[in-house]
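Colleague: Next up is a structure, given as structure tokens.
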Amino acid sequence: MQLFEKLIEYPEAERLVMESTPRLPVQETPLGEALGLAFARDLTATTDSPPFDNSAVDGYAIRSLDAEVGRVFDVVDEAPAGRPAKKSVGEGEAIKIFTGGVIPGGVDAVVMVENTSGWGEKFDLKKIPAPGNNIRAAGEDTRRGDVILAAGTGVGAPEIALAATQGYGALPVYRRPKVVVLSTGTELVEPGTRDLAPGEIFDSNSYAIVAAAREAGAEARRLYAASDDADTLRVAIDEALETADVVVTSGGVSVGDRALDKNTMLELGVDQIFWGVKFKPGKPLFYGTRGETRLFGLPGNPVSAMVCFDLFVRPALMEMMGRKDKARPRIAVYFEKEIVNKFGRLHAMRVSLRRTNKGWLAESVGSQGSGLVSSLTKADALALIGPASDGISPGEPIEAIVLRQEKLTSGGEAEAP
Ligand code: AMP
Ligand code: MG
């Protein structure tokens, strides 16, 4: 049996991945397709926004110096949004105006219809507006030439809205990485196609990895190759390497399996960067490159596959896209009981989080077996338990990687002191 040649430490593996991750080229990408990407350069305002003084309410545009409670005004024109009034306003006159309507000449205030006797050819005033009331000034949102979005910012719905107000039809973003995901294992069956025969299981990894890659902002597709036959795999991986920026396989990399062995990788022209990390779950992780393409060989165990994806593949994809927020947040957590790491390597322990008056309390989600997919649905964070033999005492602060960021802002259920 072939053992790992050289296991490296987790921070070393992380560094090797990030160091060899290329930034993808910049591509002007249509507004509707840029979600989840990141700005490659600062975006500046092309115009003042709003472009003209306009009304914030439905009502009447008047001269504030004419305003007196009970005074009757003549309505001389109207200014709905998109259709400026032809007339301007003289003494005792008003123009009926709607939200977004251009402020007519002579006007310095808009009175809400609710503060008048109502719609009509005449109205009387019930409440006096101050100068400037209900007028949204040109340029009050953004000024032409201002940097409105900094390079590295992720494109979300608000960023798309802001760019659109400036007339940008496309955004200068780094190209979206193309990810091809492949499962290996003769025991695997496509979910939804048939019942399992003895010894078979459903392929969950490829679906999970595609979903996680899309969540990270990548474009991802599955290439089904659930076989342990080296020749079949070689053909499939070769095709994946041709079309992808990142190929992610799962299974076939552990010592007893080795369907994807060193020879297969060599024949594919993949340069091995590392194979084996002193880390649980995920010891057999493989990482290599071929030209501009990266290949991650994740372990087959579903928990190992997902944790390795999160810790190694996700930040690499986000780095390719130029995302500033590529790292998951890290917080200090504590345990109530003593924790002993018996594995002799760093353990990324799946924990749930609860906010207490002492900080964030971490609790193991139960058994830490690498095949327990249900445990992933319960994990809020990965607590990083070092391999020191003397254990972690109750209350001792431990670093944790937060998987569910919403947990931090939801406040958790505060525990009584
Ligand atoms: P391997 O790394 O190929 O030795 O697989 C380790 C364990 O993970 C075995 O129990 C496999 O059956 C399981 N496994 C491998 N690939 C998948 C997959 N795509 N979906 C679910 N389980 C898998
Ligand atoms: Mg296998």
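Please treat every number below as a calculation from the coordinates, not as lab data. As the structure is a computational prediction, the values presented were derived from the model and not from experiment. Virtual Cβ from ideal backbone geometry, glycine too; neighbours counted across all protein chains shown.
Colleague: In Å and on Cα atoms, what radius of gyration and Dmax does segment 102-248 show?
Modeller: That works out to 29.6, 87 Å for Rg and Dmax.
Colleague: Going by amide H atoms built from the backbone, whose H comes under 5 Å of the H on residue 8, apart from near neighbours?
Modeller: Under 5 Å from the amide H of residue 8: 277, 278.
Colleague: In whole Hz and in residue order, list the ³J(HN,Hα) couplings for segment 43-54 that follow from phi through the Karplus curve 6.51 cos²θ - 1.76 cosθ + 1.60, θ = phi - 60°; x for Gly and Pro.
Modeller: 9, 10, 6, 8, 9, 5, 9, x, x, 8, 4, 8
Colleague: If R0 is 51 Å, what FRET efficiency do you get for residue 83 and residue 215 from their C-beta distance, rounded to 0.05?
Modeller: Working: r = 44 Å, r/R0 = 0.87.
Efficiency at R0 = 51 Å is approximately 0.70.
Colleague: Follow-up question, since we're still on this one. Among the GluC sites (Glu not before Pro) in segment 328-381, which ones are in a DSSP loop with at most 14 other Cβ atoms within 10 Å of the Cβ? Mind listing them? Kindly include the intermediate steps, with their values, before the conclusion.
Modeller: Values: sites: 336, 338, 363; in loops: 336, 338.
The qualifying sites are 336, 338.
Colleague: Continuing with the same structure: What is the spread of the Cα atoms of segment 1-159 along each of their three principal axes, largest first, in whole Å?
Modeller: Here the spans come out as 97, 25, 23 Å, largest first.
Colleague: Would you report the distance distribution of C-alpha pairs in the chain as whole percents per 20 angstrom bin, up to the bin with the largest distance?
Modeller: Values per bin, smallest distances first: 22, 37, 23, 16, 2.
Colleague: So which trypsin sites (Lys or Arg not before Pro) in segment 362-410 end up in coil per DSSP with only 13 or fewer other C-beta atoms within 10 Å? Write down the numbers at each step before the final one.
Modeller: Details: sites: 378, 404, 407; in loops: 404.
Listed in order of number, the matching sites are 404.
Colleague: Out of every Cα pair in segment 202-357, what percent are spaced more than 27 Å from each other?
Modeller: Looking at segment 202-357, the distances longer than 27 Å represent 26 percent of pairs.
Colleague: With the cut-off at 20 Å, tell me which of the pairs 87/122; 6/262; 96/122; 337/358; 280/358 have Cα atoms farther apart than that.
Modeller: 280/358
Colleague: Same structure again: What value in Å³ per residue do you get for the convex hull of the alpha-carbon atoms in segment 1-62? Could the numbers behind the result be given before it?
Modeller: Values: hull volume 15.3 nm³, N = 62.
Dividing the Cα hull volume of segment 1-62 by its residues yields 247 Å³.
Colleague: Next up: Could you tell me the distance between the Cα centroids of segment 43-88 and segment 337-377, to the nearest Å?
Modeller: 61 Å
Colleague: With Cβ to Cβ distances under 13 Å as the rule, what net charge do the other residues near residue 202 carry (K, R +1; D, E -1)? Let's see the in-between values first.
Modeller: Values: positive: 194; negative: 187, 190, 195, 200, 203.
Spelling it out: positives minus negatives among the neighbours equals -4.
Colleague: May I pose another question? Which number do you get for Rg(Cα) / (2.2 N^0.38 Å) in segment 274-417?
Modeller: 1.10
Colleague: Counting Lys and Arg as +1 and Asp and Glu as -1, what is the net charge of the other residues whose Cβ lies under 11 Å from the Cβ of residue 300? List each step's numbers first, then the result.
Modeller: Working: positive: none; negative: 187, 203, 228, 257.
Its environment carries a net charge of -4.
Colleague: What shape does segment 328-394 have by the C-alpha gyration tensor, where a ≥ b ≥ c are the square roots of the eigenvalues, rounded means a/c under 1.5, and otherwise prolate means a/b greater than b/c and oblate the rest?
Modeller: Values: a/c = 1.66, a/b = 1.03, b/c = 1.61.
It is oblate, given that a/c is not under 1.5 and a/b is not larger than b/c.
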